[in-house]
Amino acid sequence: MRTLLIAATAALIALPASADEKPVQLKSAQGLDKVEANCQACHSLDYIPMNSPFPNAALWDAEITKMIKAYGAPIDDADAKAIAEYLKKNYGS
C-alpha cells in the first residue's frame, strides 16, 4: 500500500511538468511518414533532433541497423531505406 501511495504522489507531482511539453515537430520532407510510423512505436521522436548535431550518414545507417538487429524493430527494408534517407538529408551533420 505504501508503494502505491508513493507512486501516486510521484505521478501527481510530475503531471504539471509534462503538461507543458510540446510534441516534437520533425522537418516535413519525404520519408517523414515512415519515421513517424516506425520509430515512434518504440521511442519518442525527440531523440532525432536532440541527437542531430552529431550523426553523419554512416552513423544514421548504424543507428537504423541497431534498431532492427539489436532491438528487433519490425522495419522492412524499404522503410529502413526511406528512414535512413530522411534522417541523412534532414538531420545529418
(message) Show the residue pairs meeting these rules: Cβ distance below 8 Å; 6+ apart or different chains; first residue within the stretch 21-49 and part of a loop (DSSP other than H, G, I, E, B); second residue among the polar types (S, T, N, Q) and surrounded by 13 or more Cβ atoms within 10 Å (Cβ to Cβ).
(response) Leu26/Asn90; Lys27/Asn90; Ala29/Asn90
(request) Name every residue in the stretch 50-86 that is touching a Gly at 6+ places or on another chain (Cβ under 8 Å) and either outside any helix (DSSP H, G or I) or surrounded by 16 or more Cβ atoms within 10 Å (Cβ to Cβ) (or both), in order of residue number. (result) Ser52, Pro55, Asn56, Trp60, Ala82, Ile83, Glu85, Tyr86
(request) Take the stretch 66-93 and flag every residue that is in contact with a helix residue (DSSP H, G or I) (Cβ under 9 Å, 6 or more places away or on another chain) and more than 17 Å from Gly31 (Cβ to Cβ). (result) Pro74, Ser93
(request) From the list Val24, Val35, pick out the single residue that is at pLDDT 95 or above, surrounded by 12 or more Cβ atoms within 10 Å (Cβ to Cβ) and hydrophobic (A, V, I, L, M, F, W, C). (result) Val35
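The values are calculated or read from the model by the stated rules, or taken from the named source; none is laboratory data. These numbers were taken from a predicted model, which means no experiment stands behind them. Neighbour counts run over all protein chains shown; Cβ positions are idealised from the backbone, glycine included.
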